[in-house]
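Step one of this worksheet: look at the structure below.
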């Protein structure tokens, strides 16, 4: 848990390489709801307004309690740009959960917290359109679609005690923020490898796309895209055209 520990940096993993698929283990089958009222997801993990949305937004009223969803240790308590007042908690399995747009932070860096403990109050700080909790789940700096790991139902189920994560679930471009993604949970490495091979490796050109924009979204270089698709940097892209990504 202490590796890459930094209180003054939102993402201390910027120089690490993450191999896919990777394993996440849980010691429990349920998490604690981050809010006391019924969970209403107003925006999901995915591509939104021309940029990635790395978490889910849960409706609340300013001043509502915000709770840690798992046991852990507080790594970061700062005002973080568009996230506003933010708390980041690292958990025993290596996951980090991010709680953003808070009006108050009620924990300190390096505090140990338990599942369900109040860590702050909901608000509208940072780049927020109305009061809500922006909740992210990250592993070694990579955001994971929270709905792959957690079922945001009234039972607060963790989808499996053993999960394997493929690139699809760490790439907002593969999801829409306006609808729930269809979840197929991989509980073994073999399932994840087969699922990874079946995942789409083709991008369909949309209005406004450029090779530079596509490369940045998929963490590739323009030269790689050109080699994969036998095109030049000056090639004209057509809406509906398919671009191979790997």
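For residue 92 and residue 220 in one chain, what is 0.36 nm times their gap in residues minus the Cα-Cα distance, to one decimal in nm?
Details: separation 128, 0.36 × 128 = 46.08 nm, distance 3.16 nm.
Answer, rounded to one decimal: 42.9 nm.
Among rounded, prolate and oblate, which fits the stretch 203-246 when a ≥ b ≥ c are the square roots of the eigenvalues of its C-alpha gyration tensor, a/c under 1.5 means rounded, and a/b larger than b/c means prolate?
Working: a/c = 1.44, a/b = 1.21, b/c = 1.18.
Rounded, since a/c falls under 1.5.
Using 0.36 nm per residue, how much length does the chain from residue 20 to residue 7 gain when fully extended, once their Cα-Cα distance is taken away? Don't jump to the answer; show the numbers that get you there.
Values: separation 13, 0.36 × 13 = 4.68 nm, distance 2.71 nm.
Going from the current span to full extension adds 2.0 nm.
State the Cα centre-to-centre distance between the stretch 123-138 and the stretch 185-246 in whole Å.
With the stretch 123-138 and the stretch 185-246 each reduced to a Cα centre, they are spaced 30 Å.
Taking the alpha-carbon centroid of each part, what is the distance from the stretch 29-72 to the stretch 79-106 in angstrom?
Rounded to whole Å, the Cα centres lie 11 Å apart.
Got the relative contact order for the chain handy, in percent, Cα pairs under 8 Å and 6 or more residues apart?
Value for the chain: 20 percent.
Using 1/(1 + (r/R0)^6) with R0 = 22 angstrom and r between the beta carbons of residue 37 and residue 62, what's the FRET efficiency to the nearest 0.05?
Values: r = 13 Å, r/R0 = 0.59.
For R0 = 22 Å, the calculated efficiency reads 0.95.
Please say if the stretch 161-241 is rounded, prolate or oblate, where rounded means a/c under 1.5 for a ≥ b ≥ c the square roots of the C-alpha gyration tensor eigenvalues, and otherwise the choice is prolate for a/b larger than b/c and oblate otherwise?
Details: a/c = 2.86, a/b = 1.88, b/c = 1.52.
Prolate.
If I stretch the segment between residue 244 and residue 229 completely, what's the gain in nm (0.36 nm per residue apart, minus their alpha carbon distance), one decimal?
On the way: separation 15, 0.36 × 15 = 5.40 nm, distance 0.62 nm.
Value of the extension gain: 4.8 nm.
Calculated FRET efficiency, residue 108 and residue 190, Cβ-Cβ r, R0 30 Å, to nearest 0.05? It would help to have the intermediate numbers written out before the result.
Details: r = 43 Å, r/R0 = 1.43.
Between residue 108 and residue 190 the formula returns 0.10.
Strictly greater than 26 Å: what percent of every Cα pair in the chain meets that? Don't jump to the answer; show the numbers that get you there.
Working: 12483 of 30135 pairs.
Every Cα pair in the chain considered, those over 26 Å come to 41 percent.
Starting from 0 in steps of 10 Å, tell me what percent of the Cα-Cα pairs of the stretch 90-232 lands in each bin.
Final binned percentages: 9, 30, 33, 20, 7, 1.
Pick from 81, 122, 195: which residue has the top mean-square fluctuation in a GNM of the chain where Cα pairs under 10 Å get a spring?
Most flexible of the set in this elastic network: 81.
Read-outs throughout are calculated quantities, based only on the coordinates presented, and are distinct from any laboratory measurement. All values derive from a computational prediction rather than experimental measurement. Cβ atoms come from the backbone with ideal geometry, glycine included; neighbour counts cover every protein chain shown.
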